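The values are calculated or read from the model by the stated rules, or taken from the named source; none is laboratory data. All figures in this text were calculated on a predicted structure; none of them were measured in a lab. Reconstructed Cβ throughout: ideal geometry from the backbone, glycine too, with neighbour counts over all protein chains shown. SASA here: full protein model, heavy atoms, side chains in, ligands and nucleic acids out. Shrake-Rupley method; radii C 1.70, N 1.55, O 1.52, S 1.80 Å.
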Amino acid sequence: MPLKLYNTMNRKKEDFVPLNEGKVSFYACGPTVYDYFHIGNARPLIIFDSLRRYLEYKGLEVNYIVNITDVDDKIIKKANAEGVDFSAVTRKYTEAFYDGCAKLGVRPATHHPKATDFIGQMLALVKRLVDEGHAYEAEGDVYFDIGSFKGYGKLSGRDIEQMQAGARVDVDEKKRNPLDFALWKAAKPGEPSWESPWGKGRPGWHIECSAMGMHYAGDTLDIHAGGQDLIFPHHENEVAQSEAASGKPFARYWLHNGFLDIEGEKMSKSLGNFLMVKDIIEQYDPMAIRVFFLLKHYRSPIDFSEERIKEAKAALDRLRNAYAKITRVLKKSPANDSAEKETVEAVKNLKASMEEALDDDFNTARAIGNLFDIAKTVNSMDENSSDAAAVMAEAKIVFDTLGIGVFGITFEQEAGGDKIVDDLVQLFIELRADARKNKNWELSDTIRDRLKDIGVVLEDRPDGTTWKLG
RNA sequence: GGCGCCUUAGCCAAGUGGUAAGGCAGAGGUCUGCAAAACCUCCAUUCUCCGGUUCGAAUCCGGAAGGCGCCUCCA
């Protein structure tokens, strides 16, 4: 069953066929490191991280590239406001970016190129465009001449003529066409700058991705991804400058994730509703954020609210409880082949359904629905039946490979393997067991309640008490 | 003005022309010392509305209403 992906370039789902068999080059636009990243930024990070994992699950070797834009107007503005060097700003937020990714279970990409490390490649690309008549210099700036590229507008489905009619574009006397965009910007006093054939300056935003993408993957990427807002102008401009230079498609598949609203409103500075990931994960399980995004198709708009994240947490807990049962049963009795096959088959079929859903434009919402079906199968299974272990073993494969491996969700709720914590909780469980034996319900309930207050949840089962982190 | 998207239960959400997955919340029950977790049962004769095509439409076509995004170096 081939993977289908919705390609923004052609506005339809297409069979995914990488340029080189067995290998995928996958470029996702990364952060501009001028601030902490917010919940909206988390969506592409999580979705494309999961897609990358799914491609690997399917046996493809993925060269995953997520750039760090560390030279930009916003960074300079921030540095000036704080009276520090721009590199101090970028260092701080780059670190925060990696830290946030780790907490969200976003695996490091194969490459995280920083724009400032690729100035040479960018200059070479700009020079090539100038030499071939696709770009022109004006007072130290270099602009791409969109009139020189016949496909301009093809990604975003825009018509240049009509755009100009209703355009809200800065009129700039230096540009031949208002839609021409800067490849290179002349440095103003106090700005970070690099030497170039056109004097000191710094790269424009769009050229960064083209230069770094080409550096790591050649002229044509298999997948280029980002938020829907990047379609125009960012990705349109990347297409123009890259394809004008190389004469080849810059990316075979363009993927764009939908936007995130906060309680029905667009997240914006002016509304003061920016939610930073670092703040959210102080209050909520970071894995609930992953589940929150995975529960909806990546191209649809999504609405964030406290209620939504609590629902996602409840859903996550349900999966975790099922996983705990799987682990518990398999610890007691290893799987045997003599089991009745019907339920095992049912789990296998659900796994196949999940793969089918993910193959259909990475429909994680449908796939997770199937995972809940597996959880139901697991939970309704009598732990002591002779078939239990075989079903659990099959379910464990799905949870491990798709749940953990692809969705990147952690299901274990252990105290990080801290032996003292384990022993202390065990001690309380034993003390409580004594109290219960003596029908001292007051004491046993106090122990349970107090432990719950510090985040340890006890569950009494026929064969003893288990605990987990709440 | 241009380009595009969305509307499925109280809420979130999947849905591939063949008779509405799943989650959350809620009700009742089982289990439990009581809980928790889990299980069982119930919870959309119907998919914003109006037409059309079809044996058959949430799915296709046309129209209406409502909501949203991009066209501002915001993912």
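When residues of segment A:413-470 are filtered for being closer than 21 Å to residue A:317 by Cβ, assigned to a helix (DSSP H, G or I) and in contact with a helix residue (DSSP H, G or I) (Cβ under 8 Å, 6 or more places away or on another chain), how many remain? Result for segment A:413-470: 3. For the structure I just gave you, tell me whether residue A:397 is open to solvent by less than 90 Å² (accessible area, probe 1.4 Å), more than 10 Å from RNA strand B (Cβ to nearest atom) and either at positive phi or touching a Gly at 6+ places or on another chain (Cβ under 6 Å) (or both). Taking the combined requirement at face value, the residue does not satisfy it. Residues of segment A:444-470 that are of a type outside the set (Asp, Glu), within 11 Å of RNA strand B (Cβ to nearest atom) and open to solvent by 80 Å² or more (accessible area, probe 1.4 Å): A:448, A:452, A:462. If we only count strands (runs of 3 or more DSSP E) wholly inside segment A:1-100, which ones have 2 or more residues that are of a type in the set (Asp, Glu) and open to solvent by 30 Å² or more (accessible area, probe 1.4 Å)? Where strands (runs of 3 or more DSSP E) fall fully within segment A:1-100 and carry at least 2 residues being of a type in the set (Asp, Glu) and open to solvent by 30 Å² or more (accessible area, probe 1.4 Å), they are A:12-15. When segment A:242-273 is filtered for residues that are within 9 Å of RNA strand B (Cβ to nearest atom), in contact (Cβ under 8 Å) with a residue 24 or more places away in the chain and either open to solvent by less than 60 Å² (accessible area, probe 1.4 Å) or touching a strand residue (DSSP E or B) at 6+ places or on another chain (Cβ under 6 Å) (or both), the ones remaining, listed by number, are A:256, A:257, A:258, A:260, A:261, A:262, A:264, A:267. Only a single item in (1) within 16 Å of RNA strand B (Cβ to nearest atom); (2) open to solvent by 20 Å² or more (accessible area, probe 1.4 Å); (3) over 22 Å from residue A:115 (Cβ atoms) is not met by residue A:138, and it is number (2).
Close contacts from segment A:362-385, counting a first residue that is within 6 Å of RNA strand B (Cβ to nearest atom) and a second that is open to solvent by 60 Å² or more (accessible area, probe 1.4 Å), with Cβ to Cβ under 6 Å and a gap of 6+ residues or different chains, come to A:365/A:295; A:365/A:296.
Only one of the listed residues (A:282, A:307) is without any contact (Cβ under 8 Å) to a residue 24 or more places away in the chain, open to solvent by 50 Å² or more (accessible area, probe 1.4 Å) and near RNA strand B (Cβ under 10 Å from one of its atoms). That residue is A:307.
Here's the yes/no breakdown for (1) under 23 Å from residue A:122 (Cα atoms); (2) near RNA strand B (Cβ under 7 Å from one of its atoms); (3) within 21 Å of the chain's Cα centre (by Cα); (4) not in a loop (DSSP other than H, G, I, E, B):
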site	(1), (2), (3), (4)
A:158	no, yes, no, no
A:185	yes, yes, no, yes
A:188	yes, no, no, no
A:212	yes, no, yes, yes
A:224	yes, no, yes, yes
A:233	yes, yes, no, yes
A:240	yes, no, no, yes
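Scanning segment A:364-391 for residues being within 25 Å of residue A:8 (Cβ to Cβ) and either in contact with a Gly (Cβ under 8 Å, 6 or more places away or on another chain) or open to solvent by less than 30 Å² (accessible area, probe 1.4 Å) (or both) gives a total of 3.
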